[in-house]
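The values are calculated or read from the model by the stated rules, or taken from the named source; none is laboratory data. On a predicted model such as this, the values are computed, not experimentally measured, just so you know. Counting neighbours? That spans all protein chains shown, and the Cβs are built from the backbone with ideal geometry, glycine included.
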Amino acid sequence: MITDLDGLQDRYTDYLSLIDRRVYKISDHAFNMEEIFAKSKVDCHKVIVSQSSYSTEDNVFDGAFAIYDIAEGELVEKGIVRRLSDKDNRGFDGMNHSMVFTWSDDIPNDTWAFASGCATFYNTGLPGDCNTRMVRYFDEDRFEIFATKPIKAGDELTHTYKSLSWRTVFVPMEATLKANKSDTV
């Protein structure tokens, strides 16, 4: 959890006020931010990226955090992906690259993509432990991320990686998550 969120919000006061879903007038044009967000293919205005709360002294990495309280079932973020490979073009193997997304239901998978917005920075957890879920629209190369439980401003956002149990790069991570869970039970 980000504990200095009040300070962060103070630094972004102007930005946050622009995205507060009001109608704004710039020159002679009126803008309704809710309409703009609805039309955009990418919307991650509820999320920031900062050092992950799961980082250690020896392994520092980033995570995605909620800027606002987010209700269960609410859309947290939406975005698009760009494919790096597929069944017809196997030039990229994502099995050993943690920053790309599994972009099919096939196992083994040959379709890998990178995502827009903050999605790449959501860390993972075991099923049932995460506060978001990603819905993938493979044919449209887009995704939506929804809250699976109420999320407080400052909470780190996590979702269970689709390939957590079989992708080479994630196998050690899944083992660590399971071991940590059994230690707390």
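Scanning region 102-129 for residues that are part of a loop (DSSP other than H, G, I, E, B), within 12 Å of the chain's Cα centre (by Cα) and of a type in the set (S, T, N, Q) yields SER116, THR124.
In summary, VAL169 fulfils each of the numbered conditions (1) among the β-branched types (Val, Ile, Thr); (2) over 24 Å from LYS46 (Cβ atoms); (3) exposed (fewer than 14 other Cβ atoms within 10 Å of the Cβ) with the single exception of condition (3). Filtering region 86-101 to residues that are at pLDDT below 85 and part of a strand (DSSP E or B) leaves ASP86, ASN89. Confirm whether ALA71 is touching a Phe, Trp or Tyr at 6+ places or on another chain (Cβ under 6 Å) and either hydrophobic (A, V, I, L, M, F, W, C) or within 17 Å of THR148 (Cβ to Cβ) (or both). Judged against the criteria, ALA71 is not a match. Restricting attention to region 86-101 and to residues that are among the small types (Gly, Ala, Ser) and surrounded by fewer than 16 Cβ atoms within 10 Å (Cβ to Cβ), the residue that is nearest to the chain's Cα centre (by Cα) turns out to be SER98. The residues in region 129-185 that are of a type in the set (S, T, N, Q) and in contact with a His (Cβ under 6 Å, 6 or more places away or on another chain) can be counted, and the count is 1.
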